[in-house]
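Novice: I have a structure I would like to understand better, so I am pasting it below and will then ask my questions one at a time.
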Amino acid sequence: MHVDHLWKGCIVSDYTKPLPPITEQSKPFWDAARERRLQLPRCDHCGTFHTYFEPWCSHCGKEGVHWESLSGRGRIWANCRFHKVYFPGFAADSPYNVAMVELDEGPRLMTNIIGIPNGSLSEMPIGMQVEAVFVDVTDEVTLVKFRPAVGDPA
Amino acid sequence: MSLISKRKDSVAVVGVGTTDYGALAGHDATSLGIWALRNAAEDAGINLHDIDGLICQRLTDYQKFVQITNTTPRLVTATPGAGRMTGGTIQIAVQAILSGMLDTVAVVYGNDGRSAGARYGGKGDNYGTGADQMWFPYGMTSPGAVHAMLFQRHAAMYGTTNEQLGAISVAFRKHAALNPAAVMRKPISMDDYLASKFICEPLRLLDYCLINDGGVALILTGGDRAKDMKQRPVYVRGLAQVSRLAQGELPDDFGFAAMQRAAKTVYEMAEVNREDIDALMIYDNFTPIVIFALEGFGFCPQGEGGRFVEGGTLELGGRFPTNTNGGHLSESYMQGWNLQAEAIRQLRGGLAERQVPDTQLVQYLQGGPLCTSIIYGRDAS
């Protein structure tokens, strides 16, 4: 028991990339990711999904949101590849890609595309269909990454 | 429609001061601002005590600034140290003069970013709706990466190429070679551009501006007063800003709609057309925004910005000589302020090899997210 506890602690401290500050507002997002679900706040009034965690709707201006699951399917909306290292934890991965994915339901998320054989941007073009993959990085945090869609094309 | 339209000589720039640019040990941002303001006051032929409005940008310690300059302004304020704030800072000065509340206003910028180790991107660079929450865990950060992504979309939608970005970088360096104050003066070729290392692909080192130490100050006053001063006045003929902050860091339209609105207002205020403009100063923290600004402010149709910059359009001798000091890419990243200084100096004339002949109107374009344009005129009408 004691050894197991130390071992788990070791895993956590090995992860050196930035971790999201899990706040009262963002906790449902990260909790769902741990359960392999992508969920976001959705306006009670006009149905717009948000990628920020506040009770106000930027579309209709009203107060009130609820959490709702999304399909996890979308398309690459923009992409880039970091050669410069801004976060020491990413040094070993450089160059690494970042993409903005537009989900089928409309909202856009920053993410990484995984499962790209050579890691080049041409392998992950804008418009490419992708699907969410849930990657556990610590005991508390599961990141929502995406891979080229393998299911039925939407 | 505006006080400027009713009376064309409402507001003029009567003093311009700049420091050296580079690594300036021994000067913090406040000190660089004081250096610039002293030069501007000397240029204007006035005493610091003649300045009754002080608006500081980036140098946040307005109290130390006023203590050391030993002045008694009737307005003291400071705006946040982001380049997007430059247009708005000048707008405050213009409004204060137009309203008659103040006679002579100094806008003062001091930036010790190089010596202080300023970094864009990384842990401290968190603004808008939560980069630490949704961006940093995936390694996403920095304004350069935002521009890289926007450029990728522009390329996918309109076929814009890296060589077209290179044409901008090469043009501004060509201008810097003619400017003794520029930090990077060694001419570059397209091959040099294409060989420069990726920072955030597809953007390279030579797509990025140069972080340095430096300061810029402008002194503005009403037209009546300006006529009798040391320098030939340069008139603020139009100024307009439209925010696109609501669209987030990556707007669907590259800020096009907001810039179109700002363009309409600034031309109506100045009562001139694009065709009348002799030179441009375009906020160039990264090359792609030059293309977005040219499209947004209507110098070419949407999607045509890449093709527009080919063939020397932005070079001295081209139709719209742009950033004739080398801009942020090659003179120094003074967050829009060195572009104001260059606009005014072009209109005064006498810039030797980099002088645009017979300059009557120079337009400043800031592509976003606080899309701004200012038209400066050699004459009041």
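Nothing in this text is a laboratory measurement; each read-out follows from the coordinates by a stated rule. This structure is a prediction, so every number in the text was calculated from the model and none was measured. Glycine gets a Cβ as well: all are built from the backbone with ideal geometry, and neighbour counts include every protein chain shown.
Novice: How high is the relative contact order of segment A:2-148, in percent, counting Cα pairs under 8 Å that sit 6 or more residues apart?
Specialist: 23
Novice: Sort A:73-79, A:51-57, B:102-108 by packing, meaning the average of other beta carbons within 10 Å per residue, with the highest value first. Could you put the intermediate results ahead of the total?
Specialist: Working: A:73-79: 22.6, A:51-57: 16.3, B:102-108: 25.1.
Packing proxy ranking, top to bottom: B:102-108, A:73-79, A:51-57.
Novice: Tell me, what ³J(HN,Hα) does each residue in segment A:107-120 have, in order and in whole Hz, if you take phi through Karplus 6.51 cos²θ - 1.76 cosθ + 1.60 with θ = phi - 60° and put x for Gly and Pro?
Specialist: Once rounded to whole Hz, the list reads x, 10, 10, 6, 6, 10, 9, 10, x, 9, x, 9, x, 8.
Novice: Per residue, what volume in Å³ does the Cα convex hull of chain B take up?
Specialist: Spread over its residues, the Cα hull of chain B gives 127 Å³ apiece.
Novice: A further question follows. Quick check: the angle from helix B:29-44's long axis to the longest principal axis of chain B, C-alpha only, nearest 10 degrees?
Specialist: Roughly 60 degrees between the two axes.
Novice: What residues have an amide H closer than 5 Å to that of residue A:130, excluding those fewer than 5 places away on the same chain, when H is modeled at 1.01 Å from N in the peptide plane?
Specialist: Excluding prolines and chain starts, which carry no amide H, the hits are A:74, A:75, A:76, A:149.
Novice: For chain A, what is the calculated [θ] at 222 nm in deg cm²/dmol (nearest 500), taking -39500 (n - 2.57) for each run of four or more DSSP H residues and dividing by its residue count?
Specialist: -4000 deg cm²/dmol
Novice: Given the C-alpha centroids of segment B:336-381 and segment B:71-137, what is the distance between them in whole angstrom?
Specialist: 20
Novice: Do you know the Lys pair count in segment A:2-148 for C-alpha distances under 25 Å, with sequence separation 8 or more or different chains?
Specialist: Taking the Cα cut-off of 25 Å, the pair count is 9.
Novice: For residue A:134 and residue B:82, what does the FRET efficiency come to when R0 = 45 Å and r is the distance between their Cβ atoms, rounded to the nearest 0.05?
Specialist: After rounding to 0.05, the efficiency reads 0.80.
Novice: I'd like the orientation of helix B:86-98 relative to chain B: the angle between its Cα long axis and the longest Cα principal axis, in ° from 0 to 90, rounded to 10.
Specialist: 30
Novice: Amide H of residue B:22 versus every other amide H placed in the peptide plane: which residues, excluding those fewer than 5 positions away on the same chain, fall under 5 Å?
Specialist: B:213
Novice: Report, in deg cm²/dmol and to the nearest 500, the calculated mean residue ellipticity at 222 nm for chain B, where each DSSP H run with n ≥ 4 adds -39500 (n - 2.57) and the sum is divided by the residue count. All intermediate terms of the calculation are to be shown ahead of the outcome.
Specialist: Numbers: 14 runs with 131 residues, N = 381.
After summing the helix terms and dividing by the residues of chain B, the value is -10000 deg cm²/dmol.
Novice: May I ask you to derive the relative contact order of segment B:4-77, considering only C-alpha pairs under 8 Å and at least 6 residues apart, and to give it as an integer percent?
Specialist: Relative contact order of segment B:4-77: 30 percent.
Novice: Please find the FRET efficiency linking residue B:49 to residue B:360, where r is the Cβ-Cβ separation and R0 is fixed at 35 Å, and quote it to the nearest 0.05.
Specialist: Numbers: r = 34 Å, r/R0 = 0.97.
Working from the Cβ atoms, E equals 0.55.
Novice: What base-10 log of the normalised intensity I(q)/I(0) is obtained for segment A:2-148 from the Debye formula, alpha carbons as equal point scatterers, at q = 0.13, 0.14, 0.18, 0.19 Å⁻¹?
Specialist: -0.67, -0.77, -1.14, -1.22
Novice: Connecting C-alpha atoms closer than 10 Å in a GNM of chain B, tell me which of B:308, B:292, B:172 has the biggest fluctuation.
Specialist: Sorting by GNM fluctuation, first place goes to B:308.
Novice: Among all the aspartates and glutamates, which ones have a C-alpha under 17 Å from residue B:227's C-alpha, if same-chain residues fewer than 8 places away are not counted?
Specialist: B:9, B:42, B:43, B:50, B:103, B:379
Novice: Here's something else I'd like to know. If one takes the longest principal axis of the Cα atoms in chain B, at what angle in degrees, from 0 to 90 and to the nearest 10, does the Cα axis of helix B:256-270 lie?
Specialist: 30
Novice: Using θ = phi - 60° and the Karplus curve 6.51 cos²θ - 1.76 cosθ + 1.60, what whole-Hz ³J(HN,Hα) does each residue of segment B:200-208 get, with Gly and Pro shown as x?
Specialist: 10, 4, x, 8, 10, 3, 7, 8, 9
Novice: For residue A:65, what residues show an amide H to amide H distance below 5 Å, using hydrogens built from the backbone and excluding near sequence neighbours?
Specialist: A:44
Novice: Moving on to the next point. So which aspartates and glutamates can residue B:264 reach, going by Cα to Cα under 17 Å and dropping same-chain residues fewer than 8 places off?
Specialist: Reachable aspartates and glutamates: B:275, B:276, B:295.
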